[in-house]
Amino acid sequence: MTEDLDQLRELARTFVAKEMTPNQERWAEQKQVDRALWTKAGEVGLLCLSIPEEYGGGGGTFAHEAVVIEEQARGGDSSWGNSVHSGIVAPYLLAYGTEEQKLRWLPKLAGGEFVGAIAMSEPGAGSDLQGIRTKAVRDGDEYVVSGSKTFITNGSQADLVVVVAKTDPERGAAGISLVVVETSTPGFRRGRVLDKVGMKGQDTAELFFDDVRVPAGNLLGGVEGQGFVQLMNQLPQERLIIAVASIAGIEAAVDMTLEYVKDRTAFGRELIKFQNTRFTLAECATEAAVTRSFVDDCVNRHLAGELDIPTAAMAKWWSTERLCRVVDECVQLFGGYGYMTEYPIARAWADARVQKIYGGTNEIMKEIIARSL
Ligand SMILES: Cc1cc2nc3c(=O)[nH]c(=O)nc-3n(C[C@H](O)[C@H](O)[C@H](O)COP(=O)(O)OP(=O)(O)OC[C@H]3O[C@@H](n4cnc5c(N)ncnc54)[C@H](O)[C@@H]3O)c2cc1C
């Protein structure tokens, strides 16, 4: 941490407490955050923090993104898809966009005028990305994008979608490219916002591309067939984001449970006085400390440009498994109240489950780790 990061943490904490925590129930009902949240976040300077100032961003590093992700998780919000917007979509544009593309899109993302999404998964292909069927066929100065995507975070609010598509279906991974689609383009349609077990306020939607024509210049990186390599290069950050949110979620769960068991009584004494409660929390606090240490080390490695793909997979697998275990133990200590959605621990429990599934399932993480051994 630095003074600059401490100040950012303060700003993010205040923003979460004021603009996000009080809206949880309403966002869950409407299955998305208010669109205005994005512009408010842009105005106070919480979007695209690792993007250079010349493109409207915060001019910081991944450490700045991590601080905001942690504060959002600590504040118990799982609705706002900023880690996809600022932590994934903007870095793709920065890493692979042409100068013209960066100047066109990044300032809008940084100000909250545009919301970003990334669309890899399809109804028939998630883990097996090579099995995607969405196509981007070159036709003169344009690409014609056709196909459908599902489970897309920020799907119903997105103004810009980085679409994983096949520019050459015969060539497997070498035929995959990333194409940017602005959602105002004719032929783009959104499906319903999906009903989820947890993360109820997060806008997760289906997207349809009915012969959407985009300028050939919307191909990210400018050369066809680079998509798979581009994805592989960016996925460690996506996985680290999940790990950062997970450790913050673990710490928040332990803190709120400690507070509860000191207050609640049974058999004439506080729950904390039972050995089972103390042993359970001793285990959870230790798991939090071990995970914190590993995740922080991964963040430092990433800042130094040294986080490799297997280590990022380890961080994602480890932290999400710990999150689910710790939150489940904490729910048990809350008794029946732990199952009531008005209690943050209950929402944390339902929100935790998907962390083992998205960003590459934990089975895929283990495949990646195993291959490196
Ligand atoms: C809330 C939410 C938000 C999401 N946001 C996005 C988003 O913004 N953009 C996006 O593109 N996607 C998003 N996803 C999709 C997510 O990344 C996929 O669901 C995930 O990658 C798994 O793909 P799948 O659902 O098709 O499962 P499948 O790939 O069908 O996997 C099913 C099961 O088979 C296992 N399996 C598959 N292959 C192997 C293997 N080789 N070895 C061992 N086991 C294997 C998996 O681990 C899993 O247990 C989101 C999903 C959710 C639920």
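Filter the range 114-148 down to residues that are within 20 Å of the chain's Cα centre (by Cα) and charged (D, E, K, R) and give me whichever is surrounded by the fewest Cβ atoms within 10 Å (Cβ to Cβ).
Only one residue tops the list, namely Asp128.
Return the residues of the range 179-227 that are among the hydroxyl-bearing types (Ser, Thr, Tyr) and either more than 22 Å from the chain's Cα centre (by Cα) or at pLDDT below 95 (or both); say none if nothing qualifies. Walk me through it before giving the result.
Let us first name the residues in the range 179-227 that are among the hydroxyl-bearing types (Ser, Thr, Tyr), namely 183-185, 204.
Result: Ser184, Thr185.
If you go through the range 131-153, how many residues are more than 7 Å from the ligand (Cβ to nearest atom) and either closer than 18 Å to Pro215 by Cα or in contact (Cβ under 8 Å) with a residue 60 or more places away in the chain (or both)?
Within the range 131-153, the subset more than 7 Å from the ligand (Cβ to nearest atom) is 131-148, 150.
Next cut, either closer than 18 Å to Pro215 by Cα or in contact (Cβ under 8 Å) with a residue 60 or more places away in the chain (or both) only: 134-148.
Going through the range 131-153 one residue at a time, the tally reaches 15.
Restricting attention to the range 81-113, which residues are within 16 Å of the ligand (Cβ to nearest atom) and open to solvent by 10 Å² or more (accessible area, probe 1.4 Å)?
Ser83, Val84, Ile88, Pro91
Go through the range 51-63 residue by residue and tally those that are open to solvent by 30 Å² or more (accessible area, probe 1.4 Å) and either under 21 Å from Ala243 (Cβ atoms) or part of a loop (DSSP other than H, G, I, E, B) (or both).
As a first pass, look at the range 51-63 and keep what is open to solvent by 30 Å² or more (accessible area, probe 1.4 Å): 52-54, 56, 58-59, 61.
Within this subset, residues satisfying the condition of being either under 21 Å from Ala243 (Cβ atoms) or part of a loop (DSSP other than H, G, I, E, B) (or both) are 52, 56, 58-59, 61.
Adding up the residues that qualify gives 5.
Can you find a residue in the range 153-164 that is at pLDDT below 95 and either open to solvent by less than 30 Å² (accessible area, probe 1.4 Å) or under 30 Å from Gly111 (Cβ atoms) (or both)?
To start, the set of residues in the range 153-164 that are at pLDDT below 95 comprises none.
The answer is no; no qualifying residue exists.
Take the residues in the range 13-31 that are under 15 Å from Asp351 (Cβ atoms) and of a type in the set (S, T, N, Q), then tell me which one is surrounded by the most Cβ atoms within 10 Å (Cβ to Cβ).
For the range 13-31, the residue satisfying everything is Gln24.
Output the residues belonging to the range 112-122 that are more than 16 Å from Pro169 (Cα to Cα) and touching a residue at least 40 places away in the same chain (Cβ under 8 Å). I'd like the intermediate steps shown before the answer.
Step one: list which residues in the range 112-122 are more than 16 Å from Pro169 (Cα to Cα), which gives 112-119, 121.
The answer is Gly112, Glu113, Phe114, Val115, Gly116, Ala117, Ile118, Ala119.
Of the conditions (1) of a type in the set (S, T, N, Q); (2) under 24 Å from Ala350 (Cα atoms); (3) free of Cβ contacts under 8 Å to residues at least 12 places away in the same chain, Ser293 satisfies every one except a single condition; which number is it?
So Ser293 meets the others, but not (2).
Identify all residues within the range 343-367 that are away from the ligand (no atom under 16 Å from the Cβ), open to solvent by 20 Å² or more (accessible area, probe 1.4 Å) and in contact (Cβ under 8 Å) with a residue 40 or more places away in the chain; write none if there are none. Steps first, answer last, please.
Taking the range 343-367 and keeping what is away from the ligand (no atom under 16 Å from the Cβ), we get 343-346.
Then keep just the ones that are open to solvent by 20 Å² or more (accessible area, probe 1.4 Å); that gives 343-344.
Hit for the range 343-367 is Pro344, nothing else.
Run Gln355 past the list (1) farther than 16 Å from Ala253 by Cβ; (2) part of a helix (DSSP H, G or I) and report the number of the one that doesn't hold.
(1)
The values are calculated or read from the model by the stated rules, or taken from the named source; none is laboratory data. All of these numbers come straight from a predicted model, not from anything done at the bench. With ideal geometry, Cβ positions are generated from the backbone for all residues, glycine too; neighbour counts draw on all protein chains shown. Remember, those area values only see protein heavy atoms, side chains included, never the ligands or the DNA or RNA. Shrake-Rupley method; radii C 1.70, N 1.55, O 1.52, S 1.80 Å.
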